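Reviewing the structure listed below.
Values quoted throughout were computed directly from the atomic coordinates according to the rules given, and no laboratory measurement underlies them. Quick caveat: nothing in here was measured; it's all calculated off a predicted structure. Methodologically, a virtual Cβ is constructed for each residue, glycine included, from the backbone with ideal geometry; neighbour enumeration extends over all protein chains shown.
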Amino acid sequence: MTDFWLYAIITAVVVVASLAFYAGKLLRQLKAQTVQKKRADDAHQLALKVHDKKILDSVVIIVRAMKEEQCDFSEGCWRISVLLDSLKTSKELSQQFPSIFELYNRIKELSILDSRKELAKKARMKEDLQRIKAEAELHTKIVTDLELLHQYATERISTLAV
């Protein structure tokens, strides 16, 4: 009878040791996966920051050009709106800079490039008038938004420095 208990104890020890080994192996795999996921997340965040820094650098250049009257407000607001919408780490910028986005929304349906060239002279002049009116109505507010946007973009660039 003592042999039975000896074999039972040895079998139990082997089963417990096997389960402990398997549990240890699973814990090591989990730790490796956690480390790998953290590295992937860190790499992804870095890529987002690099992307946003590049976008904000472009925004600063366009804002300066608009302030120095090297770029008209329609083109500048169009470009800035598209760039700000492509940011990965910032959201709701249309609420922070409403005049820029409002001008963009008013002119985004107007013809540009080749489609503009294909318009009849009267239609082209009508669209130009629409664009000029929108710029005139929003000029003061856009100037204010440009100052705020320049400040915002400069500050964000410094926080995104990699």
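Here are the numbers for this structure:
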{"read-out": "Coil-residue trypsin sites (Lys or Arg not before Pro) of region 103-162, DSSP, other Cβ within 10 Å capped at 15", "value": "LYS108"}
{"read-out": "Theoretical ellipticity at 222 nm over the chain - DSSP helices of four or more residues, -39500 (n - 2.57) apiece, nearest 500", "value": "-30000 deg cm²/dmol"}
{"read-out": "Given LYS49/LYS91; LYS53/LYS88; LYS37/LYS88; LYS67/LYS133; LYS38/LYS88; LYS67/LYS122, the pairs whose alpha carbons are separated by over 22 Å", "value": "LYS67/LYS122"}
{"read-out": "Within a Gaussian network of the chain (alpha carbon springs, distance under 10 Å), most fluctuating of ASP52, ASP114, ASP42", "value": "ASP114"}
{"read-out": "Percent RCO, i.e. relative contact order, over the chain, from Cα pairs under 8 Å lying at least 6 residues apart", "value": "30"}
{"read-out": "Within-15-Å neighbourhood charge of GLU155 [Cβ basis; K, R +1; D, E -1]", "value": "0"}
{"read-out": "Surrounding net charge for ILE61, when Lys and Arg each add one and Asp and Glu each subtract one, Cβ distance under 12 Å", "value": "+2"}
{"read-out": "Sum of side-chain charges, ARG131 neighbourhood, beta-carbon under 14 Å (Lys, Arg +1; Asp, Glu -1)", "value": "-2"}
